[in-house]
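Trainee: Quick one: this structure, given as structure tokens, is what I'll be asking you about.
The values are calculated or read from the model by the stated rules, or taken from the named source; none is laboratory data. Since the structure is predicted, the reported quantities are computational estimates derived from the model, not experimental observations. FYI the Cβ positions are ideal-geometry reconstructions off the backbone, even for glycines, and counts take in every protein chain you see. Protein only, heavy atoms only, side chains kept; ligands, DNA and RNA dropped before computing areas. Shrake-Rupley method; radii C 1.70, N 1.55, O 1.52, S 1.80 Å.
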Amino acid sequence: MKSNTTRFHTAGVRAAVAAALGTALLGGFASQAFAAEEKLDEVQVTGSRIKRATDFDTANPTTVVDADYFRNMGIVNVGDAIKSLPSNVSNNSPTTTGNANFFAGSTIANLRGLNPFFGSRTLNLVNGRRFVPTNQGDGVDLNFIPSVLIERMDVVTGGASAAYGSGAISGVNNVFLARKLEGGKLDVDFGQTAQSDGKDRHIAAAFGSSFNEGRGHFSVGYEHQQSDSIGCYTVRDWCARGTAFVNNPDSTANGGTSATAPQYLLKDNARAGQISDAGVFQNFGAPFGAPTYGVNAAGTGTVAYNVGTGATGSPFNTVVGGDGKSAYKYSNLRAPVKRDVGALTLTYELADNLNLSVDASYGKVVTSNRTGGLDAQFTAINADNAFLGTATGAGSLKAAQAAAALFPGGFAFYNKDWTSQIDSHSDFNTEVKRLAAGLDGRFAGTSWTWDGYFQYGETKRSQLVADNRHLNAYNYAIDSVIDTRAGSATLGQAICRTTLTGSADPIAKGCVALNPFGTGAMSKAAHDYAFGYLLEELTYNQSVFAFNTTGDLSDGIGAGAFKGAAGVEYRQEKGENVGSQGGAPDYVRTDYLIQYGESFAGNVNVIEGYGELDLPLLRDAPMAKRFDVNLAARYSQYENQGKAGTTGEKRTHDMLTYKASLNWDVVDSVRLRGTYSRDSRAANFRELYYGQKIQAGGIFGFCGPVGSNQVDACNWSLEGNVDLKPEKADTFTAGIVLTPADAVPGFQFAIDYFNIKITDAVQQANVRRVLDGCQVSNIAEFCNLLTLDGTTYAFNGKNYKGVSNLRALAFNGSEYLYRGFDITSSYKLNLNDYGAVNFRFLATHMMEQSFQPTPDPTSRVNVVGQVGTANSFLSDNQPSAEWLATLSATYVLGNFSATLQDRFVSSGKMNYLGTTPSDSNYTALMATGRYTSSDVNSVPSYQVFALNASYTFQDLGFAKTLRVWGGIDNLFDKDPPVATGTGFGGAANGGTNAVFYDTIGRAYKLGLGLTF
């Protein structure tokens, strides 16, 4: 039950929103009828270097999101705008990264869902210029673009590397900031959920003016936004249900007797098996045989522990009920974000046909996630552990250890959740500075214009994971004994066994015994020895020199002038990523089960040249009201140079991209359009130079053959690869545009087919690829990456050589094939004296998302239709629903407007590699060994509505306009469907997938906008 204060606050926000909507509604009907149809302004079209009238003059499928869209939808963040488009599948946003150690709070455009986990295949531009990456990959956090200055955002869903260079494989997101703002504006808004959490505060101001008799103009803007985190288990009923997959005890995969029973069952009240804050002695026979012993909070004895129901013999299993923690106890539905962003644009006419332009921006974004600590499972507790105490009777710790011991007098396994005793959280701080200065003009007496500019961008980013559990140091600290050394300063006290016996391992030096029993406070010394932090700090610089020119080449052949464009660009990018722990030696810094990686640095130098032709071939001919062809090509040379923390190698790669497109207006109301392009993406900073050391043992550090589990402990070195080739993509689009102005005035419709095939796609370092390449195929390239330790062992009747060290490098070898079509439609219904209604429909139908992670064709899978969270851990693809669509209707009457939006997600499956016994091919799929069986694998279709309304008061004396607006997201407070997954990383976000479904619930927004 909520407190009276909370009730009052929630009711107050609801009343305020209702008042805003009501005021807008009454004011709207008191105003005059809808004004005449707007005039379409000329724009610089994204996807081409040749100036055109509107985006309808290009063959590239383009969605234009202007300032009106932001206002109509109550959007105050560029990231929220791109997330609203069906062509974008945002797996990185505040609502998907509430539990993340990477990209937390960031919103990264991901057209078609083609981004690799640590990169981007969507190119981000501001005013047509490349934006400096805001992380180790080539992604850009859209939080750094101020919405208060936005004129429009062009989203091109097709290849554009010939126009803009590397990265534009799935498309381009080009944000245009206002250069000619006159006067000032101030926006203030506040939002929160119906549950009185998730508060969102936003304030933005901008001012622009001409000066020196109109020769110069400046625009400056600043905005601040702070949004709170939102928990899950304690704040949303659907999350508290704890719906997740649990192991089916009847399945032979879990030790049962049925070969046809599914391995997983979808159940409510799912909990982690055999773990608690105070600790649990592992019982492999549960729930049969001896009881399972938990530890009391004081750490002095045991309590009865309910293991729940299901396959309960392993702490890695999820069970139904019992005393374990809920599957979503530490989940967060939204990461908190605090952002401060400012921008300045300046233009000045230096002379006739010579102009100066300056763009500058600064931004800082801060996020902090409260997370659960890393569970300690299968920790060995010896019979002489110092903290077991001396009591041996029933209910004692010694008795519980003896009962759980693997053999008489031996050690017992112990599982513990340390979260309540540590301060587990992740902090992310990013600062971005950007300055561009350029000149532009016209060659005298010609149609040719030119522009040249220099741009410098710098990103400084830090990532901190606090209270991360050490690997070996933790085990040393747990293995404690009572000091029996005569004359010792710690005689009779708990010490580490290694202190007594000695150890050559430098990590053992200074060991401090740690009490794992109960939830009492630990000493600072014990904490600092067993727990540490991960910290990496990135500095990334980008410098660009570019020159472009465009104009008429000739009068053409009677259909219009032939136009051309050409340009050159030099770009240098320097990155340095420092992994540190306050100067601690490497053996301490790398002693973690999970870690960010080593320090690494490198440079990339790029020289590019491009050319483009626009050829109108027919005008006003039979069956060809217009027929244009556009041709473009770009040549690029990349020089990669590894620096500190790498092998220091230098490599050079060439890249040729090209594009051909056509527009064919059969008649005035029917246009056919199509493109074919060769696009490319060069390997990014992380893919080229990354390094990470993972020590032998733990969860990951093993080199056994396929099918083995924790066999042959070895050290891993995961590395980038300076010799990575650029990815190649072939993109084909074909579409039809209908504008039947006479038959249906105000109606427009477009449908475009797309086919994107990527080859030589970059894949992260893959340990299994190296091991199989040597152990199975005996390929020298892979065997040379293994250092043998001189031992041998047998597994499944075959002998293997022991491995001490393994290197795995990033590689070119995966492929993608994505096919589907986009639908765009708009209709303006004029109601005369009663206003007008503008309808807009956007939809994407994904027909195929085939992904081949290795050069082996048998590894190809079609991931389309997966809307669950299976297979999502560090995944280099983001599956999409087969249909994603939005339909909005905006009613306008004078100064009043109201917009209702419906967002639709088609039905899908939880796991593209999942099957159920009800499937007709269940037996055949399971026989392949690739599929996971469960009792449920389907997710129903989903719709959610939003309502926004505003009223604008005019000429108030102190202001030109005052806009009052309010909005309600998730109008009917619809819960998300269960769309979870199995396996590592499968259960997240309360059992649903925030990429597709709203996890916040009904939320209210209220704002004021002032212009002067």
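Trainee: Tell me, which residue of region 603-626 that is open to solvent by 50 Å² or more (accessible area, probe 1.4 Å) and out of contact with any Gly (no Cβ under 8 Å at 6 or more places or on another chain) is farthest from Thr539 (Cα to Cα)?
Mentor: Checking each candidate, the answer is Pro622.
Trainee: Could you list all residues from region 942-1001 that are of a type in the set (D, E, K, R), under 20 Å from Glu882 (Cα atoms) and modelled with pLDDT under 95?
Mentor: None; the set is empty.
Rundown of residues vs (1) in contact with a Ser or Thr (Cβ under 8 Å, 6 or more places away or on another chain); (2) open to solvent by less than 20 Å² (accessible area, probe 1.4 Å); (3) acidic (Asp, Glu); (4) modelled with pLDDT of 95 or more, yes/no style:
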site: Arg339; (1), (2), (3), (4): no, yes, no, yes
site: Leu346; (1), (2), (3), (4): yes, no, no, yes
site: Asp375; (1), (2), (3), (4): no, no, yes, no
site: Ala380; (1), (2), (3), (4): no, no, no, yes
site: Asp384; (1), (2), (3), (4): no, no, yes, yes
site: Ser396; (1), (2), (3), (4): yes, yes, no, yes
site: Asp417; (1), (2), (3), (4): yes, yes, yes, yes
site: Gln421; (1), (2), (3), (4): yes, no, no, yes
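Trainee: Just to be sure, is Asp760 among the acidic types (Asp, Glu), assigned to a strand (DSSP E or B) and either under 30 Å from Ala696 (Cα atoms) or touching a strand residue (DSSP E or B) at 6+ places or on another chain (Cβ under 9 Å) (or both)?
Mentor: Here the answer is yes, as Asp760 does meet what is asked.
Trainee: Quick check on my filter: what residues within region 899-928 are outside any loop (DSSP other than H, G, I, E, B), open to solvent by less than 20 Å² (accessible area, probe 1.4 Å) and of a type in the set (A, V, I, L, M, F, W, C)?
Mentor: Residue satisfying the conditions is Val905 alone.
Trainee: Still on this structure, please answer the following. Determine whether Ala286 is buried (at least 17 other Cβ atoms within 10 Å of the Cβ), without any contact (Cβ under 8 Å) to a residue 60 or more places away in the chain, touching a Ser or Thr at 6+ places or on another chain (Cβ under 8 Å) and not polar (S, T, N, Q).
Mentor: Taking the combined requirement at face value, the residue satisfies it.
Trainee: Would you list the strands (runs of 3 or more DSSP E) that sit entirely within region 349-444 and hold 3 or more residues that are under 43 Å from the mean Cα position of the chain (by Cα) and acidic (Asp, Glu)?
Mentor: 425-442
Trainee: With the condition kept exactly as written, say whether any residue in region 730-743 is over 30 Å from Thr675 (Cα atoms) and either touching a Gly at 6+ places or on another chain (Cβ under 8 Å) or open to solvent by 50 Å² or more (accessible area, probe 1.4 Å) (or both).
Mentor: For region 730-743, residues over 30 Å from Thr675 (Cα atoms) and either touching a Gly at 6+ places or on another chain (Cβ under 8 Å) or open to solvent by 50 Å² or more (accessible area, probe 1.4 Å) (or both): absent.
Trainee: Those residues that are of a type outside the set (Val, Ile, Thr) and touching a Lys or Arg at 6+ places or on another chain (Cβ under 7 Å), I need them from region 132-157; list them, please.
Mentor: Across region 132-157, the qualifying residues are Asn135, Gln136, Gly137, Asn143.
Trainee: Write out, first by first residue and then by second, each pair whose Cβ atoms fall under 8 Å of each other, whose residues are 6+ apart or on separate chains, and whose first residue, in region 384-397, is within 11 Å of Ala494 (Cα to Cα) while the second is open to solvent by 40 Å² or more (accessible area, probe 1.4 Å) and among the basic types (Lys, Arg).
Mentor: Partner pairs satisfying both residue conditions: Leu388/Lys398; Gly389/Lys398.
Trainee: Being touching a helix residue (DSSP H, G or I) at 6+ places or on another chain (Cβ under 9 Å) and under 20 Å from Pro726 (Cβ atoms) is the filter; apply it to region 652-677 and report the residue that is most open to solvent (accessible area, probe 1.4 Å).
Mentor: Tyr658
Trainee: Please verify whether Ala898 is over 26 Å from Thr96 (Cα atoms) and small (Gly, Ala, Ser), treating the condition exactly as stated.
Mentor: yes
Trainee: Filter region 175-220 down to residues that are over 33 Å from the mean Cα position of the chain (by Cα) and open to solvent by less than 20 Å² (accessible area, probe 1.4 Å), then give me how many there are.
Mentor: Final tally of qualifying residues: 5.
Trainee: Further question: Filter region 461-505 for residues that are assigned to a helix (DSSP H, G or I) and surrounded by fewer than 13 Cβ atoms within 10 Å (Cβ to Cβ) and give the result.
Mentor: Thr501
Trainee: Among the residues of region 642-651, is there at least one that is part of a strand (DSSP E or B), farther than 25 Å from Thr550 by Cβ, modelled with pLDDT of 95 or more and open to solvent by 70 Å² or more (accessible area, probe 1.4 Å)?
Mentor: yes
Trainee: Against the definition (of a type outside the set (Lys, Arg), open to solvent by 10 Å² or more (accessible area, probe 1.4 Å) and under 21 Å from Lys338 (Cβ atoms)), how does Ala100 come out, yes or no?
Mentor: In short, yes.
Trainee: Select from region 521-544 the residues that are within 33 Å of the chain's Cα centre (by Cα) and assigned to a helix (DSSP H, G or I) and write down the one among them that is surrounded by the most Cβ atoms within 10 Å (Cβ to Cβ).
Mentor: The extreme case among them is Ala530.
Trainee: While we're looking at this one, here's another question. List the number of the failed condition for Ala660; all other conditions in (1) part of a loop (DSSP other than H, G, I, E, B); (2) in contact with a Phe, Trp or Tyr (Cβ under 7 Å, 6 or more places away or on another chain); (3) small (Gly, Ala, Ser) hold.
Mentor: (1)
Trainee: Which residue pairs have Cβ atoms under 9 Å apart, sit 6 or more places apart or on different chains, and have a first residue in region 580-596 that is within 14 Å of Leu464 (Cβ to Cβ) and a second that is hydroxyl-bearing (Ser, Thr, Tyr) and at pLDDT 85 or above?
Mentor: From residues that are within 14 Å of Leu464 (Cβ to Cβ), the pairs are Ser580/Ser599; Gln581/Tyr533; Gly582/Tyr533.
Trainee: Give me the pairs, please: first residue somewhere in region 972-1000 and open to solvent by 40 Å² or more (accessible area, probe 1.4 Å), second residue anywhere and of a type in the set (Val, Ile, Thr) and assigned to a loop (DSSP other than H, G, I, E, B), beta-carbon distance under 6 Å, and either six or more positions apart or on two chains.
Mentor: Matching pairs, first to second residue: Val978/Thr243; Ala987/Thr980.
Trainee: Applying the selection to region 95-125, what residues are touching a residue at least 60 places away in the same chain (Cβ under 8 Å) and farther than 17 Å from Ser872 by Cα?
Mentor: Once the filter is applied, which keeps residues that are touching a residue at least 60 places away in the same chain (Cβ under 8 Å) and farther than 17 Å from Ser872 by Cα, region 95-125 yields Gly105, Ser106, Ala109, Leu111, Arg121, Leu125.
Trainee: While we're looking at this one, here's another question. Could you check region 822-859 and list, in sequence order, the residues that are farther than 24 Å from Asn60 by Cβ, of a type in the set (Phe, Trp, Tyr) and not in a helix (DSSP H, G or I)?
Mentor: Result: Phe851, single match.
Trainee: Would you mention how many residues in region 317-336 are open to solvent by 10 Å² or more (accessible area, probe 1.4 Å) and closer than 17 Å to Thr107 by Cβ?
Mentor: Residues in region 317-336 being open to solvent by 10 Å² or more (accessible area, probe 1.4 Å) and closer than 17 Å to Thr107 by Cβ: 3 in total.
Trainee: Turning to a different aspect of this structure: Just to be sure before I move on: is Asp723 out of contact with any Gly (no Cβ under 6 Å at 6 or more places or on another chain), in a loop (DSSP other than H, G, I, E, B) and surrounded by fewer than 23 Cβ atoms within 10 Å (Cβ to Cβ) in the structure I sent?
Mentor: yes
Trainee: I'd like the residue in region 567-602 that is open to solvent by 30 Å² or more (accessible area, probe 1.4 Å) and under 17 Å from Glu649 (Cα atoms) and, out of all such residues, is modelled with the lowest pLDDT.
Mentor: Going through the qualifying residues, I end up with Ser599.
Trainee: Output the number of residues of region 506-520 satisfying the condition of being touching a helix residue (DSSP H, G or I) at 6+ places or on another chain (Cβ under 7 Å) and open to solvent by 30 Å² or more (accessible area, probe 1.4 Å).
Mentor: Result for region 506-520: 5.
Trainee: Would it be correct to say that Asp876 is in a strand (DSSP E or B) and open to solvent by less than 40 Å² (accessible area, probe 1.4 Å)?
Mentor: Here the answer is no, as Asp876 does not meet what is asked.
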